[in-house]
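Chemist: This is the structure, below, for whatever I ask next.
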Amino acid sequence: MQARCREWFETSSSDPTAVDPELTSAATSVVATTGDEHTYKLLRERFLTGATPQEQLRHLYALAEFDDESLLLATCEFAMSSDVRSQNAPFLLRSAIANRHHGATAWAFVRDQWPQALERFPSNTIVRMVDSVKSLATAELVDDTARFFAEHPVEQAAKTLEQVLERQRVNARFRDREGPRWDGSPTS
């Protein structure tokens with residue numbers, strides 16, 4: 001299936017009308033998830049030179065899907081650069097925090113860059129940027145985000161942030177309770 005996705009990706013790159021847009025989007029995600037540094041540079045370049053906003057955003061958001069931690073950090077740094085519009089960058093960082101392997105790394109980056117994010121991004125996107133912390137479902141990360149937001153409230157979206165943090169706590173409890181079923185450990 002990965003080979004087929006790469007084929008669709010390449011075909012759509014040379015002829016955007018040759019592959020259904022939904023397949024192109026899915027194929028781009030698979031290519032990113034299984035990609036290396038060369039693939040990363042290719043997607044980044046295609047974001048910068050994309051012919052349509054849809055093509056640009058497809059490639060931009062795919063940068064958050066790489067399994068390589070250093071590439072994910074490069075994506076976070078790229079989000080803070082002038083190459084990414086301030087209305088798109090928070091959503092790129094949200095996707096990075098949702099990364100299945102290195103979301104905690106992206107969260108640490110956002111936490112460290114908080115003052116710059118508040119200065120650069122529209123205020124109504126800040127809570128959306130951190131929405132995916134709800135996927136960081138470990139007790140340690142629940143405590144970390146709770147401490148952070150106790151010190152750095154998002155006043156313009158306090159209720160929404162409260163709901164995000166509650167969902168994170170629920171997800172962590174669910175993971176603690178159901179985790180052994182998923183990893184093959186015996187259940188109690």
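Values in this text are rule-based calculations from the coordinates and carry no lab data. As the structure is a computational prediction, the values presented were derived from the model and not from experiment. Please note: Cβ atoms are built from the backbone with ideal geometry, for glycine as well, and neighbour counts cover all protein chains shown.
Chemist: Treating only the Cβ atoms of Lys and Arg (+1) and Asp and Glu (-1) as charged, compute the dipole magnitude of the chain about its Cα centre; round to the nearest 20 debye.
Modeler: 480 debye
Chemist: For the pair Asn124 and Ala150, how long in nm is the line joining their label points, each one 7 Å along Cα→Cβ?
Modeler: 3.2 nm
Chemist: Rg/Rh for the chain: what does it come to with C-alpha atoms and Rh from Kirkwood?
Modeler: Values: Rg = 17.8 Å, Rh = 17.6 Å.
Rg/Rh: 1.01.
Chemist: Angle between the Cα long axis of helix 21-33 and the longest principal axis of the chain, 0 to 90 degrees, nearest 10?
Modeler: 70 degrees
Chemist: Mind checking the angle between helix 53-62 and the chain's longest principal axis? C-alpha axes, 0 to 90 degrees, to the nearest 10.
Modeler: The angle comes out near 60 degrees.
Chemist: Still on this structure: Taking the chain as a Gaussian network, Cα atoms linked when under 10 Å apart, which of Ala64, Ala117, Ala51 shows the biggest mean-square fluctuation?
Modeler: Its mean-square fluctuation being the largest, the pick is Ala51.
Chemist: List the trypsin sites (Lys or Arg not before Pro) within the stretch 15-115 that DSSP assigns to loop and that have no more than 14 neighbouring Cβ atoms inside 10 Å. Write down the numbers at each step before the final one.
Modeler: Details: sites: Lys41, Arg44, Arg46, Arg58, Arg85, Arg94, Arg100, Arg111; in loops: Arg85, Arg100.
The qualifying sites are Arg85, Arg100.
Chemist: With the crude spin-label approximation of a point 7 Å out along Cα→Cβ, what separation in nm comes out for Ala139 versus Arg175?
Modeler: Roughly 1.3 nm, to one decimal.
Chemist: Give the angle, between 0 and 90 degrees and rounded to the nearest 10, that separates the Cα long axis of helix 69-79 from the longest principal axis of the Cα atoms of the chain.
Modeler: 90 degrees
Chemist: Under 1.5 on a/c is rounded, so check that first for the stretch 83-188, then, if it is not, pick prolate when a/b is larger than b/c and oblate when it is not; a ≥ b ≥ c are the square roots of the alpha carbon gyration tensor eigenvalues. Please report the intermediate quantities before stating the final value.
Modeler: On the way: a/c = 2.56, a/b = 1.83, b/c = 1.40.
Here the stretch 83-188 falls in the prolate category.
Chemist: I need the calculated FRET efficiency for the pair Arg167 and Asp15, taking r as the beta carbon distance and R₀ as 45 Å, to the nearest 0.05.
Modeler: Computed FRET efficiency for Arg167 and Asp15 comes out at 0.60.
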